[in-house]
Amino acid sequence: HLATALNDRGQIKYFRVEFAAAMEDYTAAIECQPAFEVPYYNRGLVLYRLGTGCFDEAMKDFRKVLELNPQFGDAALSLKQAILDKEEKQKRGY
């Protein structure tokens, strides 16, 4: 259950707006248990919040979640939103 503990610690760091540290924990959780979809989702959320330069990486994580668990509705919504936001930023020239 190390992966769950790492993911949970990442959540605490995320809520403290310590995004880099949270991503380290999510990545460690993924390395510990690659089939655990939740830390991919959480890392994708951090990448999404970091904005324009990270949208592709966020979308990659959301797609991995859906590959592991096609019923993960929040990942599908987040992926759709990241795609829309990326397109909008590109239209504006960001």
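The values are calculated or read from the model by the stated rules, or taken from the named source; none is laboratory data. This one's a predicted model, so the numbers in the text were calculated from it and none came from an experiment. Cβ placement follows ideal geometry from the backbone for every residue including glycine, while neighbour counts extend to all protein chains displayed. Please note that ligands, DNA and RNA were not included when accessible areas were found on the heavy atoms of the full protein model with its side chains. Shrake-Rupley method; radii C 1.70, N 1.55, O 1.52, S 1.80 Å.
Here are the numbers for this structure:
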quantity: Gain in span if fully extended, Ile12 to Lys80, counting 0.36 nm per residue against the direct Cα distance; calculated: 21.9 nm
quantity: Rh (Kirkwood; distinct C-alpha pairs) - the chain, Å; calculated: 13.2 Å
quantity: Square roots of five times the Cα gyration tensor eigenvalues for region 38-86, Å; calculated: 16, 10, 8
quantity: Charge context of Pro39, other residues only, Cβ under 15 angstrom, K/R +1, D/E -1; calculated: -3
quantity: Per residue accessible area of the chain, 1.4 Å probe, in Å²; calculated: 60 Å²
quantity: Per DSSP, loop trypsin sites (Lys or Arg not before Pro) in the chain with at most 10 further Cβ within 10 Å; calculated: Arg16
quantity: On Cα atoms only, tilt of 73-92 relative to the major axis of the chain in degrees; calculated: 40 degrees
quantity: Accessible area of the chain belonging to carbon and sulfur atoms, whole % at 1.4 Å probe; calculated: 53 percent
quantity: Potential extension, Leu50-Ala35 segment - 0.36 nm per residue separation minus Cα distance; calculated: 2.9 nm
quantity: Residue (of Gly44, Phe15, Gly93) at the positive-pole extreme of the chain, dipole from beta-carbon charges; calculated: Gly93
quantity: Gaussian network model of the chain, Cα within-10 Å springs - most flexible of Tyr40, Tyr26, Tyr14; calculated: Tyr14
